[in-house]
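The values are calculated or read from the model by the stated rules, or taken from the named source; none is laboratory data. Just so it is clear, the model here is predicted, and its values are computed rather than measured. Methodologically, a virtual Cβ is constructed for each residue, glycine included, from the backbone with ideal geometry; neighbour enumeration extends over all protein chains shown.
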Amino acid sequence: MSQSVLWEVVKGNNAFLVKRNGLTLSTDPFNNTGVQTYSSTGFITKNAIGVVPTQSKVNQINNVNLVARKSTKFQQVDRKTKNTQSVYASTLSVKHGIHTASRVIRKRFGTRRLGLQKAALRKLVKLNRANAVRRRNEIAATKAQKK
Amino acid sequence: MTSVPLVSVFSADDSSKVTAKHIPLPAVFQTPIRPDIVSFVHTNIAKNRRQAHAVNPQAGMQHSAESWGTGRAVARIPRVSGSGTHRSGQAAFGNQCRKGRMSLPIKVWRRWHRRVNIKQKRHAAATAVAATGIVPLVLARGHRISQVPQIPLVVEDKIESYEKTTDALNFLKRFGAFEDVQKVVSTKVVRAGISKQRGKKYRVRKGPLVVYFNENAKLLKAFRNVPGVEVVNVTRLNLLQLAPGGQLGRFVIWTQSAFAHLDKLFGTYRYTSIIKDGYQLLRPLITNPDLARIINSNQVQEKVQPAKTTKVLHEVQKKNPLKNSKAMDRLNPYAKKQRAAAVAAIKANTKGTKKIKKNKALKKASRAAYNKVAASLNDATKAAVQEEQDIKVKYFSVQKGAAQTE
(Lines give C-alpha, C1' and ligand atoms only; values in the text may rest on other atoms or scores of the structure.)
Protein backbone atom coordinates (compact mmCIF):
# COMPACT_ATOMS: atom_id res chain seq x y z
CA MET A 1 0.00 0.00 0.00
CA SER A 2 1.47 3.28 -1.05
CA GLN A 3 2.79 5.59 1.62
CA SER A 4 1.05 8.56 0.03
CA VAL A 5 -2.36 6.90 0.18
CA LEU A 6 -1.90 5.61 3.70
CA TRP A 7 -0.80 9.06 4.84
CA GLU A 8 -4.04 10.58 3.58
CA VAL A 9 -6.00 8.08 5.65
CA VAL A 10 -3.86 8.21 8.73
CA LYS A 11 -2.73 11.81 9.04
CA GLY A 12 -5.99 13.08 10.51
CA ASN A 13 -6.43 10.40 13.09
CA ASN A 14 -4.41 7.44 14.23
CA ALA A 15 -3.63 5.59 17.43
CA PHE A 16 -0.16 7.12 17.74
CA LEU A 17 -1.26 10.70 17.26
CA VAL A 18 -0.87 13.00 20.23
CA LYS A 19 -1.87 16.64 20.00
CA ARG A 20 -0.62 18.74 22.85
CA ASN A 21 0.14 22.42 23.33
CA GLY A 22 -0.38 23.10 19.66
CA LEU A 23 2.10 20.39 18.68
CA THR A 24 1.27 17.36 16.59
CA LEU A 25 3.32 14.51 18.00
CA SER A 26 3.46 10.79 17.45
CA THR A 27 4.15 7.76 19.64
CA ASP A 28 4.79 5.64 16.59
CA PRO A 29 7.69 3.28 17.41
CA PHE A 30 9.05 3.78 13.92
CA ASN A 31 9.08 7.55 14.25
CA ASN A 32 12.43 8.75 15.51
CA THR A 33 11.65 12.43 15.65
CA GLY A 34 8.50 12.30 17.72
CA VAL A 35 6.72 14.80 15.51
CA GLN A 36 4.11 13.46 13.13
CA THR A 37 5.08 14.33 9.58
CA TYR A 38 4.79 12.50 6.30
CA SER A 39 8.37 11.40 6.05
CA SER A 40 8.98 10.68 9.72
CA THR A 41 5.92 8.46 10.18
CA GLY A 42 7.52 5.07 9.80
CA PHE A 43 4.67 2.67 10.31
CA ILE A 44 3.12 3.61 6.95
CA THR A 45 6.31 2.92 5.06
CA LYS A 46 7.63 -0.38 3.82
CA ASN A 47 11.01 0.05 5.39
CA ALA A 48 11.81 2.14 8.40
CA ILE A 49 13.91 1.69 11.46
CA GLY A 50 12.59 2.44 14.89
CA VAL A 51 14.98 3.02 17.78
CA VAL A 52 13.10 1.75 20.79
CA PRO A 53 14.32 1.85 24.37
CA THR A 54 14.16 -1.33 26.41
CA GLN A 55 14.21 -1.89 30.13
CA SER A 56 17.79 -2.77 30.62
CA LYS A 57 19.41 -3.98 33.78
CA VAL A 58 22.46 -2.32 35.23
CA ASN A 59 25.00 -4.56 33.57
CA GLN A 60 23.24 -4.83 30.28
CA ILE A 61 24.88 -2.93 27.51
CA ASN A 62 21.99 -2.83 25.12
CA ASN A 63 19.30 -0.46 26.15
CA VAL A 64 17.95 -0.06 22.71
CA ASN A 65 16.12 -2.27 20.31
CA LEU A 66 16.26 -1.57 16.64
CA VAL A 67 12.96 -2.45 15.09
CA ALA A 68 12.78 -2.68 11.36
CA ARG A 69 9.50 -2.20 9.60
CA LYS A 70 8.78 -4.83 7.06
CA SER A 71 5.98 -5.19 4.64
CA THR A 72 5.43 -8.94 4.47
CA LYS A 73 2.12 -10.29 5.61
CA PHE A 74 3.51 -13.44 7.11
CA GLN A 75 5.13 -13.77 10.44
CA GLN A 76 8.69 -14.92 10.35
CA VAL A 77 10.23 -17.35 12.79
CA ASP A 78 13.80 -16.78 13.76
CA ARG A 79 15.43 -20.15 13.20
CA LYS A 80 18.03 -19.76 15.90
CA THR A 81 15.97 -18.45 18.76
CA LYS A 82 12.61 -19.87 17.66
CA ASN A 83 11.10 -16.50 18.46
CA THR A 84 8.24 -15.46 16.30
CA GLN A 85 8.57 -12.00 14.99
CA SER A 86 5.74 -9.64 14.49
CA VAL A 87 3.90 -9.23 11.24
CA TYR A 88 4.95 -5.69 10.70
CA ALA A 89 8.33 -5.48 12.31
CA SER A 90 11.49 -7.44 12.94
CA THR A 91 14.09 -6.67 15.57
CA LEU A 92 17.54 -6.15 14.16
CA SER A 93 20.25 -7.85 16.08
CA VAL A 94 22.61 -5.47 17.86
CA LYS A 95 25.44 -7.18 19.61
CA HIS A 96 27.55 -4.68 21.44
CA GLY A 97 25.68 -1.53 21.99
CA ILE A 98 25.69 1.89 20.46
CA HIS A 99 28.43 1.59 17.91
CA THR A 100 27.13 -1.61 16.37
CA ALA A 101 23.64 -0.20 16.49
CA SER A 102 24.70 2.87 14.58
CA ARG A 103 26.47 0.68 12.06
CA VAL A 104 23.31 -1.34 11.54
CA ILE A 105 21.34 1.85 10.98
CA ARG A 106 23.85 3.27 8.55
CA LYS A 107 24.12 0.04 6.63
CA ARG A 108 20.37 -0.24 6.31
CA PHE A 109 19.95 3.28 5.03
CA GLY A 110 23.08 3.38 2.93
CA THR A 111 23.27 6.74 1.22
CA ARG A 112 19.53 7.16 1.04
CA ARG A 113 17.22 9.20 3.29
CA LEU A 114 19.91 11.09 5.14
CA GLY A 115 17.35 12.99 7.18
CA LEU A 116 15.74 9.82 8.51
CA GLN A 117 19.10 8.23 9.07
CA LYS A 118 20.29 11.20 11.10
CA ALA A 119 17.09 11.15 13.10
CA ALA A 120 17.58 7.50 13.97
CA LEU A 121 21.18 8.07 14.95
CA ARG A 122 20.26 11.13 16.97
CA LYS A 123 17.69 9.17 18.92
CA LEU A 124 20.18 6.37 19.44
CA VAL A 125 22.69 8.77 20.95
CA LYS A 126 20.14 10.42 23.19
CA LEU A 127 18.84 7.11 24.50
CA ASN A 128 22.35 5.94 25.11
CA ARG A 129 23.24 9.05 27.08
CA ALA A 130 20.11 8.80 29.15
CA ASN A 131 20.86 5.17 29.84
CA ALA A 132 24.42 5.98 30.89
CA VAL A 133 23.10 8.45 33.43
CA ARG A 134 20.58 5.96 34.68
CA ARG A 135 23.17 3.20 35.02
CA ARG A 136 25.49 5.54 36.86
CA ASN A 137 22.75 6.37 39.32
CA GLU A 138 21.82 2.72 39.74
CA ILE A 139 25.40 1.71 40.43
CA ALA A 140 25.75 4.53 42.95
CA ALA A 141 22.54 3.45 44.62
CA THR A 142 23.60 -0.19 44.90
CA LYS A 143 26.95 0.88 46.30
CA ALA A 144 25.25 3.08 48.87
CA GLN A 145 22.97 0.21 49.79
CA LYS A 146 25.88 -2.16 50.34
CA LYS A 147 27.38 0.38 52.72
CA MET B 1 -1.56 -7.00 -11.71
CA THR B 2 0.24 -10.06 -12.84
CA SER B 3 0.78 -11.74 -9.49
CA VAL B 4 -2.11 -12.38 -7.17
CA PRO B 5 -1.32 -11.92 -3.51
CA LEU B 6 -1.63 -15.12 -1.53
CA VAL B 7 -2.78 -15.87 1.96
CA SER B 8 -2.36 -18.86 4.26
CA VAL B 9 -5.08 -20.55 6.25
CA PHE B 10 -4.00 -21.46 9.76
CA SER B 11 -4.94 -24.49 11.80
CA ALA B 12 -7.21 -23.63 14.71
CA ASP B 13 -5.24 -25.70 17.20
CA ASP B 14 -1.73 -24.67 16.30
CA SER B 15 -0.83 -21.22 15.08
CA SER B 16 2.38 -22.43 13.50
CA LYS B 17 0.61 -24.98 11.34
CA VAL B 18 -0.88 -23.96 8.06
CA THR B 19 -3.69 -26.06 6.64
CA ALA B 20 -3.91 -24.39 3.26
CA LYS B 21 -0.77 -22.73 2.14
CA HIS B 22 -1.58 -20.32 -0.62
CA ILE B 23 -5.08 -19.10 -1.20
CA PRO B 24 -5.53 -16.11 -3.49
CA LEU B 25 -6.77 -12.97 -1.79
CA PRO B 26 -10.38 -12.19 -2.66
CA ALA B 27 -10.72 -9.19 -4.96
CA VAL B 28 -12.39 -7.11 -2.23
CA PHE B 29 -9.03 -6.69 -0.59
CA GLN B 30 -7.77 -4.92 -3.70
CA THR B 31 -10.49 -2.28 -3.51
CA PRO B 32 -9.14 1.25 -3.36
CA ILE B 33 -9.18 2.74 0.11
CA ARG B 34 -11.81 5.45 0.14
CA PRO B 35 -12.05 6.99 3.59
CA ASP B 36 -14.32 9.69 2.18
CA ILE B 37 -17.00 7.21 1.19
CA VAL B 38 -16.67 5.30 4.44
CA SER B 39 -16.89 8.50 6.46
CA PHE B 40 -20.01 9.66 4.65
CA VAL B 41 -21.77 6.31 4.83
CA HIS B 42 -20.80 5.79 8.43
CA THR B 43 -22.12 9.13 9.69
CA ASN B 44 -25.44 8.40 8.06
CA ILE B 45 -25.78 4.74 8.89
CA ALA B 46 -24.81 5.39 12.50
CA LYS B 47 -28.01 7.41 12.84
CA ASN B 48 -30.19 4.45 11.99
CA ARG B 49 -30.09 2.86 15.39
CA ARG B 50 -31.50 5.90 17.10
CA GLN B 51 -34.76 5.65 18.98
CA ALA B 52 -37.28 8.43 18.72
CA HIS B 53 -37.52 10.68 21.70
CA ALA B 54 -39.27 13.93 22.28
CA VAL B 55 -40.20 16.48 24.82
CA ASN B 56 -43.73 16.41 26.26
CA PRO B 57 -45.68 18.61 23.84
CA GLN B 58 -47.51 20.28 26.70
CA ALA B 59 -44.38 20.94 28.71
CA GLY B 60 -44.34 24.53 29.87
CA MET B 61 -47.63 25.37 28.15
CA GLN B 62 -50.12 24.17 30.73
CA HIS B 63 -51.07 27.65 31.84
CA SER B 64 -53.73 30.11 30.85
CA ALA B 65 -51.11 32.77 30.79
CA GLU B 66 -51.74 36.04 29.02
CA SER B 67 -49.65 39.07 28.38
CA TRP B 68 -50.55 42.09 30.54
CA GLY B 69 -49.86 44.36 27.59
CA THR B 70 -48.26 47.76 27.91
CA GLY B 71 -48.63 50.39 30.59
CA ARG B 72 -48.01 48.21 33.60
CA ALA B 73 -44.27 48.71 33.96
CA VAL B 74 -43.52 45.09 33.22
CA ALA B 75 -42.21 43.20 30.24
CA ARG B 76 -44.79 42.14 27.70
CA ILE B 77 -44.19 38.36 28.15
CA PRO B 78 -47.30 36.29 28.93
CA ARG B 79 -47.85 36.03 32.63
CA VAL B 80 -49.56 33.35 34.68
CA SER B 81 -53.15 34.24 35.50
CA GLY B 82 -54.80 33.99 38.85
CA SER B 83 -53.72 34.90 42.36
CA GLY B 84 -52.98 33.49 45.74
CA THR B 85 -49.67 31.91 44.84
CA HIS B 86 -46.14 33.00 44.00
CA ARG B 87 -46.61 31.62 40.53
CA SER B 88 -49.26 34.14 39.61
CA GLY B 89 -47.93 37.02 37.59
CA GLN B 90 -44.73 35.18 36.80
CA ALA B 91 -43.59 34.95 33.22
CA ALA B 92 -44.62 31.85 31.28
CA PHE B 93 -44.47 30.15 27.91
CA GLY B 94 -41.28 31.69 26.53
CA ASN B 95 -38.07 29.74 26.07
CA GLN B 96 -36.30 32.42 28.11
CA CYS B 97 -38.71 32.09 31.00
CA ARG B 98 -38.26 29.98 34.02
CA LYS B 99 -40.60 26.96 33.71
CA GLY B 100 -41.32 27.97 30.14
CA ARG B 101 -41.29 25.59 27.21
CA MET B 102 -38.08 25.13 25.26
CA SER B 103 -37.64 26.81 21.91
CA LEU B 104 -38.39 24.49 19.00
CA PRO B 105 -39.43 21.55 21.14
CA ILE B 106 -38.22 18.20 19.88
CA LYS B 107 -40.92 16.31 18.02
CA VAL B 108 -41.17 12.58 17.56
CA TRP B 109 -41.41 13.04 13.84
CA ARG B 110 -37.86 14.36 13.62
CA ARG B 111 -36.06 12.59 10.80
CA TRP B 112 -34.04 10.11 12.83
CA HIS B 113 -32.86 7.77 10.11
CA ARG B 114 -30.91 8.34 6.96
CA ARG B 115 -31.10 6.37 3.82
CA VAL B 116 -27.92 5.93 1.85
CA ASN B 117 -27.64 4.76 -1.73
CA ILE B 118 -27.07 1.06 -1.92
CA LYS B 119 -24.04 1.42 -4.13
CA GLN B 120 -22.40 3.79 -1.68
CA LYS B 121 -23.09 1.42 1.19
CA ARG B 122 -21.58 -1.46 -0.74
CA HIS B 123 -18.50 0.52 -1.75
CA ALA B 124 -18.02 1.54 1.85
CA ALA B 125 -18.28 -2.04 3.06
CA ALA B 126 -15.85 -3.23 0.39
CA THR B 127 -13.32 -0.53 1.30
CA ALA B 128 -13.66 -1.37 4.96
CA VAL B 129 -12.98 -5.03 4.23
CA ALA B 130 -9.95 -4.07 2.15
CA ALA B 131 -8.64 -1.93 4.98
CA THR B 132 -8.74 -4.88 7.38
CA GLY B 133 -6.04 -6.46 5.24
CA ILE B 134 -3.65 -3.53 5.44
CA VAL B 135 -1.36 -3.72 8.47
CA PRO B 136 -0.61 0.00 8.91
CA LEU B 137 -4.31 0.80 8.94
CA VAL B 138 -5.04 -1.82 11.57
CA LEU B 139 -2.14 -0.47 13.60
CA ALA B 140 -3.37 3.08 13.13
CA ARG B 141 -6.78 2.10 14.45
CA GLY B 142 -5.04 1.01 17.60
CA HIS B 143 -5.24 -2.78 17.55
CA ARG B 144 -2.43 -4.70 19.19
CA ILE B 145 -1.34 -7.06 16.46
CA SER B 146 2.34 -7.50 17.07
CA GLN B 147 1.99 -11.23 17.71
CA VAL B 148 -0.59 -12.02 15.06
CA PRO B 149 0.86 -14.42 12.48
CA GLN B 150 -0.73 -12.88 9.41
CA ILE B 151 -2.92 -10.04 8.33
CA PRO B 152 -5.55 -10.87 7.07
CA LEU B 153 -5.87 -13.68 9.58
CA VAL B 154 -7.68 -16.71 8.15
CA VAL B 155 -8.34 -19.75 10.30
CA GLU B 156 -9.83 -23.11 9.45
CA ASP B 157 -13.54 -23.63 10.05
CA LYS B 158 -12.97 -25.61 13.23
CA ILE B 159 -13.42 -22.51 15.36
CA GLU B 160 -17.05 -22.32 14.22
CA SER B 161 -17.76 -25.33 16.38
CA TYR B 162 -16.31 -23.83 19.56
CA GLU B 163 -18.88 -23.85 22.34
CA LYS B 164 -16.85 -22.99 25.39
CA THR B 165 -15.44 -19.59 26.15
CA THR B 166 -12.21 -21.23 27.32
CA ASP B 167 -11.72 -22.63 23.84
CA ALA B 168 -12.32 -19.19 22.40
CA LEU B 169 -9.87 -17.57 24.81
CA ASN B 170 -7.18 -20.15 24.16
CA PHE B 171 -7.66 -19.70 20.44
CA LEU B 172 -7.19 -15.95 20.75
CA LYS B 173 -4.11 -16.46 22.86
CA ARG B 174 -2.63 -18.86 20.35
CA PHE B 175 -3.04 -16.37 17.54
CA GLY B 176 -1.73 -13.32 19.34
CA ALA B 177 -5.18 -11.73 19.46
CA PHE B 178 -5.34 -11.82 23.21
CA GLU B 179 -3.18 -8.70 23.45
CA ASP B 180 -6.00 -6.81 21.79
CA VAL B 181 -8.51 -8.28 24.25
CA GLN B 182 -6.28 -7.26 27.13
CA LYS B 183 -6.19 -3.74 25.77
CA VAL B 184 -10.00 -3.72 25.82
CA VAL B 185 -10.11 -4.95 29.40
CA SER B 186 -7.53 -2.55 30.73
CA THR B 187 -9.05 0.51 29.07
CA LYS B 188 -12.60 0.02 30.28
CA VAL B 189 -13.65 3.28 31.89
CA VAL B 190 -16.74 4.67 33.51
CA ARG B 191 -18.40 6.92 30.99
CA ALA B 192 -18.39 10.63 31.56
CA GLY B 193 -21.77 12.26 31.69
CA ILE B 194 -25.36 11.40 32.41
CA SER B 195 -25.45 8.35 30.13
CA LYS B 196 -23.94 6.28 32.89
CA GLN B 197 -27.23 6.63 34.74
CA ARG B 198 -29.08 5.66 31.62
CA GLY B 199 -27.65 2.22 31.11
CA LYS B 200 -24.33 3.07 29.45
CA LYS B 201 -22.06 2.95 32.44
CA TYR B 202 -18.85 1.85 30.72
CA ARG B 203 -16.96 2.89 27.64
CA VAL B 204 -15.40 -0.20 26.14
CA ARG B 205 -13.04 -0.37 23.21
CA LYS B 206 -13.41 -2.63 20.22
CA GLY B 207 -11.33 -5.74 19.99
CA PRO B 208 -11.11 -8.34 17.24
CA LEU B 209 -14.02 -9.10 14.94
CA VAL B 210 -14.59 -12.77 14.19
CA VAL B 211 -16.30 -13.48 10.88
CA TYR B 212 -17.84 -16.87 10.22
CA PHE B 213 -19.97 -18.36 7.47
CA ASN B 214 -22.03 -21.39 8.44
CA GLU B 215 -25.36 -20.46 9.94
CA ASN B 216 -25.43 -23.16 12.58
CA ALA B 217 -22.05 -22.16 13.93
CA LYS B 218 -21.88 -22.18 17.70
CA LEU B 219 -18.97 -19.79 18.07
CA LEU B 220 -21.20 -16.84 18.81
CA LYS B 221 -21.85 -18.17 22.28
CA ALA B 222 -18.22 -19.04 22.81
CA PHE B 223 -16.93 -15.61 21.86
CA ARG B 224 -19.63 -13.33 23.09
CA ASN B 225 -18.48 -13.12 26.70
CA VAL B 226 -14.94 -12.21 25.71
CA PRO B 227 -14.65 -8.45 26.18
CA GLY B 228 -14.26 -6.48 22.99
CA VAL B 229 -14.76 -9.41 20.64
CA GLU B 230 -17.62 -9.26 18.18
CA VAL B 231 -18.89 -12.09 16.03
CA VAL B 232 -20.64 -11.64 12.73
CA ASN B 233 -21.70 -13.73 9.78
CA VAL B 234 -19.98 -12.83 6.56
CA THR B 235 -23.31 -12.34 4.77
CA ARG B 236 -24.21 -9.63 7.29
CA LEU B 237 -21.00 -7.64 7.42
CA ASN B 238 -21.71 -4.32 9.03
CA LEU B 239 -19.80 -1.12 8.28
CA LEU B 240 -20.33 -0.02 11.85
CA GLN B 241 -18.32 -3.06 12.90
CA LEU B 242 -15.77 -3.03 10.09
CA ALA B 243 -14.95 0.65 10.54
CA PRO B 244 -16.05 1.64 14.02
CA GLY B 245 -16.30 5.37 14.40
CA GLY B 246 -15.73 5.72 10.68
CA GLN B 247 -12.12 4.70 11.23
CA LEU B 248 -10.84 2.07 8.80
CA GLY B 249 -8.85 -0.98 9.82
CA ARG B 250 -10.63 -3.23 12.29
CA PHE B 251 -8.69 -6.33 13.29
CA VAL B 252 -10.68 -9.18 11.72
CA ILE B 253 -10.34 -12.92 12.13
CA TRP B 254 -11.85 -14.79 9.19
CA THR B 255 -12.85 -18.44 9.04
CA GLN B 256 -11.84 -20.21 5.87
CA SER B 257 -15.35 -20.53 4.47
CA ALA B 258 -16.16 -16.93 5.28
CA PHE B 259 -13.02 -15.82 3.49
CA ALA B 260 -13.89 -17.94 0.47
CA HIS B 261 -17.39 -16.51 0.40
CA LEU B 262 -16.12 -12.94 -0.04
CA ASP B 263 -15.57 -13.39 -3.77
CA LYS B 264 -19.19 -14.42 -4.23
CA LEU B 265 -20.37 -11.67 -1.94
CA PHE B 266 -18.53 -8.73 -3.47
CA GLY B 267 -17.58 -10.13 -6.83
CA THR B 268 -14.26 -9.65 -8.53
CA TYR B 269 -12.94 -7.23 -11.09
CA ARG B 270 -13.76 -9.71 -13.83
CA TYR B 271 -17.21 -10.71 -12.65
CA THR B 272 -19.90 -8.77 -10.88
CA SER B 273 -21.19 -10.04 -7.60
CA ILE B 274 -23.61 -12.94 -7.54
CA ILE B 275 -25.26 -12.04 -4.26
CA LYS B 276 -25.19 -8.25 -4.47
CA ASP B 277 -26.97 -8.25 -7.77
CA GLY B 278 -24.98 -6.44 -10.41
CA TYR B 279 -22.54 -4.87 -7.96
CA GLN B 280 -19.13 -4.17 -9.42
CA LEU B 281 -16.22 -3.41 -7.16
CA LEU B 282 -15.00 0.17 -7.14
CA ARG B 283 -12.16 0.90 -9.50
CA PRO B 284 -9.33 3.11 -8.38
CA LEU B 285 -9.11 6.69 -9.60
CA ILE B 286 -5.37 6.26 -9.95
CA THR B 287 -4.06 2.79 -10.66
CA ASN B 288 -0.62 3.57 -9.32
CA PRO B 289 -0.96 5.80 -6.26
CA ASP B 290 2.65 5.51 -5.24
CA LEU B 291 3.70 9.12 -5.76
CA ALA B 292 7.32 8.56 -4.85
CA ARG B 293 7.63 5.77 -7.36
CA ILE B 294 6.05 7.84 -10.11
CA ILE B 295 8.37 10.74 -9.49
CA ASN B 296 11.41 8.51 -9.43
CA SER B 297 10.38 6.51 -12.48
CA ASN B 298 12.45 6.62 -15.66
CA GLN B 299 9.61 8.08 -17.70
CA VAL B 300 9.26 11.10 -15.44
CA GLN B 301 12.94 11.60 -14.72
CA GLU B 302 13.75 11.65 -18.44
CA LYS B 303 11.45 14.59 -19.09
CA VAL B 304 12.15 16.48 -15.94
CA GLN B 305 14.65 19.35 -15.91
CA PRO B 306 17.71 18.93 -13.71
CA ALA B 307 17.23 20.08 -10.16
CA LYS B 308 18.19 23.67 -9.54
CA THR B 309 21.02 23.96 -7.09
CA THR B 310 20.24 26.61 -4.55
CA LYS B 311 22.92 29.21 -4.56
CA VAL B 312 24.05 29.79 -1.02
CA LEU B 313 24.94 33.46 -0.80
CA HIS B 314 25.88 33.44 2.82
CA GLU B 315 25.71 31.37 5.95
CA VAL B 316 22.56 31.32 7.97
CA GLN B 317 24.40 32.65 10.99
CA LYS B 318 27.20 35.15 10.61
CA LYS B 319 30.43 34.13 12.32
CA ASN B 320 32.74 36.86 13.56
CA PRO B 321 36.13 36.36 11.84
CA LEU B 322 37.94 38.17 14.62
CA LYS B 323 36.82 35.53 17.05
CA ASN B 324 36.21 32.50 14.83
CA SER B 325 39.44 31.38 13.27
CA LYS B 326 37.77 29.28 10.57
CA ALA B 327 35.66 32.23 9.48
CA MET B 328 38.83 34.31 9.35
CA ASP B 329 40.60 31.73 7.22
CA ARG B 330 37.71 31.81 4.78
CA LEU B 331 38.16 35.53 4.28
CA ASN B 332 41.92 35.65 4.47
CA PRO B 333 43.64 32.38 3.65
CA TYR B 334 46.99 33.77 4.81
CA ALA B 335 45.65 34.28 8.32
CA LYS B 336 46.36 30.69 9.22
CA LYS B 337 50.03 31.10 8.42
CA GLN B 338 50.13 34.41 10.25
CA ARG B 339 48.80 32.81 13.37
CA ALA B 340 51.29 29.96 13.14
CA ALA B 341 54.11 32.45 12.65
CA ALA B 342 53.04 34.43 15.70
CA VAL B 343 52.99 31.32 17.84
CA ALA B 344 56.44 30.34 16.57
CA ALA B 345 57.77 33.82 17.34
CA ILE B 346 56.57 33.66 20.93
CA LYS B 347 58.19 30.30 21.34
CA ALA B 348 61.46 31.60 19.92
CA ASN B 349 61.42 34.57 22.33
CA THR B 350 60.90 32.56 25.42
CA LYS B 351 63.38 29.83 24.50
CA GLY B 352 66.42 31.43 26.38
CA THR B 353 64.67 32.66 29.53
CA LYS B 354 64.85 30.42 32.50
CA LYS B 355 62.01 29.95 34.86
CA ILE B 356 62.36 32.07 38.01
CA LYS B 357 62.74 29.68 40.91
CA LYS B 358 60.98 30.98 43.89
CA ASN B 359 63.49 31.44 46.71
CA LYS B 360 62.09 29.97 49.89
CA ALA B 361 64.13 32.20 52.10
CA LEU B 362 63.07 35.20 50.08
CA LYS B 363 59.47 34.19 50.51
CA LYS B 364 59.84 33.84 54.23
CA ALA B 365 61.54 37.20 54.57
CA SER B 366 58.93 38.98 52.48
CA ARG B 367 56.15 37.36 54.47
CA ALA B 368 57.75 38.46 57.75
CA ALA B 369 58.06 42.01 56.46
CA TYR B 370 54.39 41.99 55.44
CA ASN B 371 53.28 40.69 58.80
CA LYS B 372 55.30 43.39 60.49
CA VAL B 373 53.64 46.10 58.45
CA ALA B 374 50.22 44.59 59.03
CA ALA B 375 50.86 44.43 62.76
CA SER B 376 51.96 48.05 62.87
CA LEU B 377 48.88 49.05 60.96
CA ASN B 378 46.78 47.09 63.39
CA ASP B 379 48.38 48.86 66.33
CA ALA B 380 47.85 52.19 64.65
CA THR B 381 44.16 51.59 64.15
CA LYS B 382 43.81 50.35 67.70
CA ALA B 383 45.48 53.48 69.00
CA ALA B 384 43.24 55.65 66.87
CA VAL B 385 40.10 53.97 68.15
CA GLN B 386 41.29 54.31 71.74
CA GLU B 387 42.02 58.00 71.14
CA GLU B 388 38.55 58.62 69.83
CA GLN B 389 37.02 56.96 72.82
CA ASP B 390 39.15 59.02 75.20
CA ILE B 391 38.02 62.23 73.49
CA LYS B 392 34.44 61.17 73.82
CA VAL B 393 34.90 60.44 77.52
CA LYS B 394 36.71 63.74 78.05
CA TYR B 395 34.19 66.04 76.42
CA PHE B 396 30.99 64.20 77.20
CA SER B 397 32.01 62.91 80.61
CA VAL B 398 29.10 64.72 82.30
CA GLN B 399 26.58 62.57 80.50
CA LYS B 400 28.41 59.31 80.75
CA GLY B 401 25.23 57.37 80.42
CA ALA B 402 24.22 59.46 77.44
CA ALA B 403 27.64 58.94 75.84
CA GLN B 404 27.05 55.24 75.91
CA THR B 405 23.98 55.50 73.77
CA GLU B 406 25.93 57.25 71.00
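Scanning the stretch B:286-300 for residues that are exposed (fewer than 10 other Cβ atoms within 10 Å of the Cβ) and at pLDDT 90 or above turns up B:Asn298, B:Gln299. Collect the residues in the stretch B:67-86 that are modelled with pLDDT of 95 or more and of a type in the set (D, E, K, R), keeping them in residue-number order. Result: B:Arg76, B:Arg79.
For the stretch B:302-316, indicate whether the set of residues that are more than 30 Å from A:Ser39 (Cα to Cα), exposed (fewer than 10 other Cβ atoms within 10 Å of the Cβ) and modelled with pLDDT under 85 is non-empty. There is no residue in the stretch B:302-316 that is more than 30 Å from A:Ser39 (Cα to Cα), exposed (fewer than 10 other Cβ atoms within 10 Å of the Cβ) and modelled with pLDDT under 85. Selection of the stretch A:87-137 for residues being among the charged types (D, E, K, R) and loosely packed, with under 14 Cβ neighbours inside 10 Å yields A:Lys95, A:Arg103, A:Arg106, A:Lys107, A:Arg112, A:Arg122, A:Lys126, A:Arg129, A:Arg134, A:Arg136. Counting only helices (runs of 4 or more DSSP H) wholly contained in the stretch B:139-232, no element carries 2 or more residues that are small (Gly, Ala, Ser), crowded, with 18+ Cβ neighbours inside 10 Å and within 14 Å of chain A (Cβ to nearest Cβ).
Quick grid of which residues meet (1) within 15 Å of the chain's Cα centre (by Cα); (2) assigned to a strand (DSSP E or B):
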site: A:Glu8; (1), (2): no, no
site: A:Asn14; (1), (2): no, no
site: A:Lys19; (1), (2): no, yes
site: A:Thr24; (1), (2): no, yes
site: A:Gly42; (1), (2): yes, no
site: A:Val52; (1), (2): yes, yes
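Of the residues examined, B:Val55 is one that is surrounded by 13 or more Cβ atoms within 10 Å (Cβ to Cβ) and part of a loop (DSSP other than H, G, I, E, B).
Of all residue pairs spaced 6 or more apart or on separate chains, those with beta-carbon atoms under 7 Å, a first member in the stretch A:107-123 that is within 15 Å of A:Asn47 (Cα to Cα) and a second member that is among the charged types (D, E, K, R) are A:Gln117/A:Arg106. When restricted to residues that are within 13 Å of chain B (Cβ to nearest Cβ), in contact (Cβ under 8 Å) with a residue 24 or more places away in the chain and not hydroxyl-bearing (Ser, Thr, Tyr), the stretch A:21-60 contains 10.
Within the stretch B:120-134, can you find the residues that are hydrophobic (A, V, I, L, M, F, W, C) and either more than 9 Å from every other protein chain (Cβ to nearest Cβ) or out of contact with any Gly (no Cβ under 9 Å at 6 or more places or on another chain) (or both)? Residues satisfying the conditions are B:Ala124, B:Ala125, B:Ala126, B:Ala128, B:Val129, B:Ala130. For the stretch A:1-20, give me each residue that is more than 12 Å from B:Leu137 (Cβ to Cβ) and either within 11 Å of chain B (Cβ to nearest Cβ) or modelled with pLDDT of 95 or more (or both). Listed by number, the residues that qualify are A:Ser2, A:Gln3, A:Ser4, A:Lys11, A:Gly12, A:Phe16, A:Leu17, A:Val18, A:Lys19.
Out of (1) within 26 Å of the chain's Cα centre (by Cα); (2) within 14 Å of chain A (Cβ to nearest Cβ); (3) surrounded by fewer than 22 Cβ atoms within 10 Å (Cβ to Cβ), what's the single condition that is false for B:Pro24? Failed condition: (1).
Residue check: B:His42 meets all listed conditions (1) within 14 Å of another protein chain (Cβ to nearest Cβ); (2) at pLDDT below 95; (3) not in a loop (DSSP other than H, G, I, E, B) but one, namely (2).
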